[in-house]
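Asks: Questions regarding the structure given below will be posed in turn.
Values in this text are rule-based calculations from the coordinates and carry no lab data. Because the structure is predicted, anything quoted here is derived from the model rather than measured. When we count neighbours, we look across all protein chains shown, and the Cβ atoms used for this are built from the backbone with ideal geometry, even at glycine.
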Amino acid sequence: MPVNYNQPPLLKVEGLRQYFRVCASCTVKAVEDVSFEIYPGETYGLVGESGSGKSTIGRSIIRLYTPTDGRICFHGMDISRRMNPDTKTSLHTQIQMIFQDPKASLNPRKIAGDIIGEGLDIHHSCKSRAERDAKVKEIFVKVGLAPEHVSRYPHEFSGGQQQRLCIARALIMNPKLIIADECTSALDVSIQAQVVNLMKDIQEETGTAYLFITHNLSIVKYISHRIGVLHLGYLLETGTAEEIFGHPIHPYTKSLLSAIPVPNPAVEKNRILECYNYKTSGIDYSKGSYHLVEGMHYVKCTDDEFYKWN
Amino acid sequence: MAEEKETILRIRDLHITFCSLDGSIHAIQGVDLDLAKGETVALVGESGSGKSVTMKAVMGILANNVSAGKGTIEFRYHHEDGRTETVDILKQDKKWIRRNINGKRIAMVFQDPMTSLDPTMSIGKQIMEGMIWHFKIPKQEAWNRAVELLKEVEMEEPRKRMKQYPHQLSGGQRQRVVIAIALACNPEILICDEPTTALDVTIQAKIIELIKRIQKERQLSVVYITHDFGVVAKIADYVNVMYAGKIVEKGTTDEIFYDPRHPYTWGLLSAMPDLDAREERLSTIPGSPPNLLYERAGDAFAPRNPYALVVDDKVKPPMFRITDTHFAATWLLDPRAPKVEMPKQLRLRLNRMKKEAEEHAGKL
Amino acid sequence: MKIKKNAPLTGALQVTAPFPAYEPVDSDFRLKDNSREIGRDIDWSAPDFRHNGAKRRVWNASAVIGLAVIILIAVMAVAGPGMNAYTYSEQFLSQKNFAPRIKALERFGIFNGDETIQTAAGIHVVNQYKEKNLENVYYWFGSDNFGRDIWTRTWLGTQVSLIIAVAATIIDMGIGMSYGLVCGYFGGWVDMIMQRILEIANGIPRLVVVTLLLLVLQPGILTILIALILTEWIGMSRIARAKMLELKEREFVLASRTLGAGNFFIIFREILPNMIGPILTQVMFSIPAAIFMEAFLSFIGLGVPVPQCSLGSLISEGFNSFTTHPYQIIPPLVVMSLLMLSFNLAADGLRKALDKRQLKM
């Protein structure tokens, strides 16, 4: 589904910084000066390895953490500072999150119907119990589960079905933005494909935007319209999926893409990896600004580096 | 090809049943596997397919609730003086296995490097432990050997690392230490149980290169358990695809990747997104892996198989021979079965890959 | 049936083919039209807890025996006093220190009112019923120093002990659990202040608290109840806090927060159901401790006032005549021991059953 980039962005993150004070003398700087936008109906893939800060960004947007610095605007409302009750309600109903481990993100003592209907219960969105039950059953069918299973406990579902429950819980609130935090990493390959297809179908039907956080580069190319590459808390390169995969500029992006195993034995057995070591590369992420390469493709580097790499 | 390659591990008709709180689980249902010297065999499958259990049976480290077992696991190894001996591991008791097999002749690298290492022991001690216990080597010599091993696994500053503890290392470094521990007693077989699944993709690539290099230098035989076909393409000579406790297809890497015959293999290959083509929809295998508590007559894959035949509900398919090295257990290969082609998208992708392979070979 | 530890894998039961052999015919080799059922996610579910063998394992030996004895004693505590005509405070001073005499067992030579007394002149067997010509008077557990029926007093004492113990424990659970949940959930300075208060409360010895209370309030059931409540809540709050710290960072709690759930909703509706197991076990273990505490206080004279009785006060009275009339101390002692043992057994059985279920999940 093509995305209209001429309309105002749904989510605008500007200069987000997230620092955690671990003890008196040391601070973990998880996210450094990250800025990006997500447009309505778009999937923005945030890729990076562990420690790159991608999960932290997702959690800061949904205010599980309070941002140390920077601005996050959703639908024109500032959700990074103190919020009034209306903004809070908007945040909790319009932005939803799907977590990595489906088993851990479902309360083992509640039945599936209650878990999914929780959002409706908290915000009193339904006038009667019957209406709420009907909505829950409708969502069950939408994500491909049998409505008779509403009164089952989470451990009675398989891994893929549990992740569908998590998607259903997010979806029942009709959010404009869903943050998917590594939601396919804990699943088998064939189940990953099912879940990703489901998410795409939902996007077609409802126009929800996704912030797809992952370290799996092959899936991110399939599902995302645009991609951002993170390393050590900095957003190094961003652009459409074709631009990033077809024409990567930053050496880190190149090394990341070259590390993806290709399922072609004759080619793969003899392929040489591109190596990249931040410490010895001479690059300093804190210096540099965003340079436009083409279209929507930007890379963060100094002017010299930009001329060298291009 | 495999002319005079010595087969050092031969598993025949392995059956294992576990008893659990809810009933008995027929986890392994007749597995045949061969491993030749210097070869890398990949065991591919999703969770619940039984790949880890098969290799744990080889190591003799199955859980305590095994209730029945059948079959043979023949391991052919060399003594220090050059004699060879063949033994059936399933007929040995755990004590013998612990003294003669574990670590000494067959070593295992596990999935999670965070929990594979003892957090209260220094790295050096953990590497030396096996050597001292199996071979009674004096401490100083063991220390030197351990430093050599750390150099072999490309660990920087090996002498400094010997005194460090696991929590001071990163994930990739810990996995290198685990590999060093596995190599400490010069085993003949190395079993890697998804060693890179928990690691980042760049570290994963480096660890796989490391394993390849070590294998070539030491002439090791490697069994690599994974669910990632990309990794299989890089490292394996021979591939076994497992589903619900059985091997459904096996063959050389080229045969499996360019000419798969089992619908499950088609499904797995199609489920990987193609990086070079813009797909509208990822084709998937519908449904979930089966719950082995409820065993059904007939093919375990039939409920999820869009190419299922009526006979798939009645009796399990035997292994059909395609070439000397390529076998698949599907009724579609029976002469009486209708001709079924693999999905079109997959066929196009494989043709494209074959062409790329030829170009690549031409370049070399 | 499992293979013995360390034994070789084969050589055990052979695996038999579960399904009969079948020879396929030509007509079997056609494509099955399964396009409709293949779209549906096949029913994977794990076996339902509610109707299978796992439920049976809840009832292990400890739980069964413990619960049975508790129920028996509770029933007797209610019905016992009414089974004969005596009340707990009626004194028949002419009938004091009688040995136990039960009509149905008299003819067997036991419980016939005989007492063995050691005097300076030697060992005598005395039967006060015969001496005083009381053919139709039966004291089933004997009578005490004031001529009161020990049977009635024992069961009434059990009532009092049970009421105090169960009431104290339930209120402790309420206070202690809420305290622990709140300070565990909020953390930070809330936790710090509440924990300091707890440590101060823990530092004051129980006996001091009880003695001070007795100076202020009248001795009685209520006073003991208050004393127990003020001192026993600490253990429960520690357990609740520890469990809360473990559970509050779980992803389902984060998911509820992203949905906008309020703090108290999360504490009591999301997290609490997940800790019912350990809390219930702690409650069951606390009851014998409360019984013993009450008995101890009564024993040293700080308990229920005369003529009311509790197991502890009965033991205390019986202790005074232990060398001359040992039968007086036995009934309350046996009942209290059985009560404490059975609560411990039941709690142990509950813990074992819950552990198994936790493992399964």
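Asks: Which residues in the range B:142-181 have a backbone N closer than 20 Å to a point placed 7 Å from the Cα of residue A:22 along the Cα-to-Cβ line?
Replies: So the set is B:161, B:164-175.
Asks: Would you calculate, for chain A, the mean residue ellipticity at 222 nm contributed by helices, counting each DSSP H stretch of 4 or more residues as -39,500 (n - 2.57) and dividing by all residues, to the nearest 500?
Replies: After summing the helix terms and dividing by the residues of chain A, the value is -10000 deg cm²/dmol.
Asks: Estimate the FRET efficiency between residue C:78 and residue C:215 by the formula 1/(1 + (r/R0)^6), using the beta-carbon distance for r and 45 Å for R0, to the nearest 0.05.
Replies: E(calc), rounded to 0.05, equals 0.85.
Asks: State the answer as a single residue: which of A:258, A:5, A:215 lies farthest towards the positive end of the charge dipole of the protein assembly as shown, with beta carbon charges of +1 for Lys and Arg and -1 for Asp and Glu, about the Cα centre.
Replies: Of the options given, the answer is A:215.
Asks: Please find the FRET efficiency linking residue A:271 to residue C:64, where r is the Cβ-Cβ separation and R0 is fixed at 60 Å, and quote it to the nearest 0.05.
Replies: The computed FRET efficiency comes out at 0.35.
Asks: Loop-only trypsin sites (Lys or Arg not before Pro) in the range A:259-310, please: DSSP not H, G, I, E or B, and at most 11 other Cβ atoms within 10 Å.
Replies: Answer in residue order: A:287.
Asks: Assuming R0 = 45 Å, what is the FRET efficiency of residue C:106 and residue C:352, from their Cβ-Cβ distance, to the nearest 0.05?
Replies: Given R0 = 45 Å and the Cβ-Cβ separation, E is 0.55.
Asks: Do you know the relative contact order of the range A:11-309, to the nearest whole percent, from alpha carbon pairs under 8 angstrom that are 6+ apart?
Replies: 22
Asks: Additional query: Roughly what angle does helix A:159-171 make with the longest principal axis of chain A, taking Cα atoms, 0 to 90 degrees, to the nearest 10?
Replies: 80
Asks: On to the next question. Quick check for chain C: number of Lys pairs with alpha-carbon distance under 20 Å, counting only pairs 8 or more apart or on different chains?
Replies: Counting lysine pairs in chain C gives 13.
Asks: Could you work out how far the C-alpha centroid of the range A:272-310 sits from that of the range C:122-190, in angstrom?
Replies: Rounded to whole Å, the Cα centres lie 81 Å apart.
Asks: Here's a follow-up. Below 19 Å, Cα to Cα, which aspartates and glutamates can residue B:355 reach? Residues fewer than 8 away in the same chain don't count.
Replies: Output for residue B:355: A:268, B:254, B:255, B:259, B:274, B:276.
Asks: Let me ask something else about it. Looking at the range A:11-309 from every direction and averaging, what is the projected area of its Cα convex hull in nm²?
Replies: 18.2
Asks: From the phi of every residue in the range A:114-129, what ³J(HN,Hα) in whole Hz does the Karplus formula 6.51 cos²θ - 1.76 cosθ + 1.60 yield, where θ is phi - 60° and glycine or proline is x?
Replies: 5, 5, 6, x, 4, x, 5, 5, 5, 9, 6, 7, 10, 7, 9, 4
Asks: Measure nothing fancy, just the Cα-based angle from helix C:311-320's long axis to the longest principal axis of chain C, in degrees from 0 to 90, nearest 10.
Replies: For helix C:311-320, the angle is close to 40 degrees.
Asks: Still on this structure, I have one more. Just round it to a whole percent: the fraction of Cα-Cα distances in the protein assembly as shown exceeding 47 Å.
Replies: Across the protein assembly as shown, Cα pairs with separations above 47 Å total 44 percent.
Asks: Right, another one. Step by step: find N for the range A:156-310, compute 2.2 N^0.38 Å, then divide the Cα radius of gyration by it. What's the final number?
Replies: 1.20
Asks: Continuing with this model, one more query. Using only Cα positions of the range B:1-153, each an equal point scatterer, no hydration layer, compute I(q)/I(0) via Debye at q = 0.10, 0.19, 0.20 Å⁻¹ and quote the log10 values to two decimals.
Replies: Scattering profile of the range B:1-153, log10 relative to I(0): -0.46, -1.35, -1.40.
Asks: Let's see if you can work this out: charge +1 on each Lys and Arg Cβ, -1 on each Asp and Glu Cβ, no other charges. What is the dipole magnitude of the range B:298-348 about its Cα centre, in debye to the nearest 20?
Replies: Dipole about the Cα centre, nearest 20: 120 debye.
Asks: Ok, one more. Among B:294, B:177, B:201, whose Cα projects farthest towards the positive end of the dipole of chain B, with charges put on the beta-carbon of Lys, Arg (+1) and Asp, Glu (-1)?
Replies: My answer, from the dipole projection, is B:177.
Asks: Sticking with this structure for a sec: List the GluC sites (Glu not before Pro) within the range B:236-305 that fall in a DSSP loop (any state other than H, G, I, E or B) and whose Cβ has at most 10 other Cβ atoms within 10 Å.
Replies: Of the GluC sites (Glu not before Pro), the ones in loops of the range B:236-305 whose Cβ has at most 10 other Cβ atoms within 10 Å are B:280.
Asks: Roughly how big is the range B:246-363's charge dipole about its Cα centre, with Cβ charges of +1 (Lys, Arg) and -1 (Asp, Glu), in debye to the nearest 20?
Replies: Using only the charged Cβ atoms, the result is roughly 220 debye.
Asks: Find the relative contact order for chain C and round it to a whole percent, using C-alpha pairs within less than 8 Å whose residues are 6+ positions apart.
Replies: Relative contact order comes out at 23 percent.
Asks: Another question, if that's okay. As a test of the definition: which semi-axes, in Å, follow for the range C:217-350 when you take the square root of five times each eigenvalue of its alpha carbon gyration tensor? Largest first, please.
Replies: Semi-axes, largest first: 43, 17, 9 Å.
Asks: How far is the Cα center of the range B:132-196 from the Cα center of the range A:50-93, in Å?
Replies: 45
Asks: Which percent of Cα-Cα pairs in the range B:69-140 sits in each 5 Å bin, short to long?
Replies: P(r) for the range B:69-140, in whole percents per bin: 3, 12, 18, 21, 19, 13, 10, 3, 0.
Asks: Compute the whole-percent fraction of alpha carbon pairs in chain C spaced more than 24 Å apart.
Replies: Result: 71 percent of Cα pairs exceed 24 Å.
Asks: Projected area of the range C:271-361, taken from the Cα convex hull and averaged over every viewing direction, in nm²?
Replies: 7.5
Asks: Further, regarding this structure: Over chain B, what relative contact order in percent results from Cα pairs under 8 Å that are six or more residues apart?
Replies: Averaging sequence separation for qualifying contacts and normalising by length gives 19 percent for chain B.
Asks: Per DSSP helix of 4 or more residues, -39500 (n - 2.57); summed, then divided by the residues of chain B. What does that give at 222 nm, rounded to the nearest 500?
Replies: Per the formula, -10000 deg cm²/dmol.
Asks: Could I ask something else about it? When the Karplus curve 6.51 cos²θ - 1.76 cosθ + 1.60 is applied with θ = phi - 60°, which whole-Hz ³J(HN,Hα) does each residue of the range A:216-224 get, with x for Gly and Pro?
Replies: So the Karplus estimates, Gly and Pro as x, are 8, 6, 6, 5, 5, 5, 5, 9, 8 Hz.
Asks: About the Cα centre, and with charges only on the beta carbon of Lys, Arg (+1) and Asp, Glu (-1), how big is the dipole of the range A:235-310? Nearest 20 debye, please.
Replies: That gives a dipole near 300 debye.
Asks: Pick from A:61, A:111, A:72: which residue has the top mean-square fluctuation in a GNM of chain A where Cα pairs under 10 Å get a spring?
Replies: A:111
Asks: Next up: Report the label-to-label distance for residue B:355 and residue A:247 in nanometres (one decimal), using points 7 Å from each Cα along the Cα→Cβ vector.
Replies: Between residue B:355 and residue A:247, the label points sit 2.3 nm apart.
Asks: If amide H atoms are built 1.01 Å from N in the plane of the peptide, which residues on other chains or at least 5 residues away come under 5 Å of the amide H of residue B:284?
Replies: none
Asks: Using the Karplus curve 6.51 cos²θ - 1.76 cosθ + 1.60 with θ = phi - 60°, work out ³J(HN,Hα) for each residue of the range C:155-164 in order, rounded to whole Hz, and write x for Gly and Pro.
Replies: 6, 5, x, 4, 3, 4, 4, 5, 4, 4
Asks: Which Cα, out of A:153, A:52, B:233, lies furthest along the positive dipole direction of the protein assembly as shown (beta carbon charges, K/R +1, D/E -1)?
Replies: A:153
Asks: Moving to a separate point now. Where a ≥ b ≥ c are the square roots of the eigenvalues of the C-alpha gyration tensor, would you call the range A:185-239 rounded, which needs a/c under 1.5, or, failing that, prolate if a/b is larger than b/c, or oblate?
Replies: Taking the square roots of the gyration eigenvalues as a ≥ b ≥ c, the range A:185-239 is oblate.
Asks: DSSP loop (so not H, G, I, E, B), at most 14 other Cβ within 10 Å: list which trypsin sites (Lys or Arg not before Pro) in the range A:2-103 pass both filters.
Replies: Here the sparse-neighbourhood loop sites are A:81, A:82.
Asks: Further question on the same structure: At 222 nm, what value in deg cm²/dmol follows for chain C if DSSP H runs of at least 4 each add -39500 (n - 2.57) and the sum is divided by all its residues, to the nearest 500?
Replies: -18000 deg cm²/dmol
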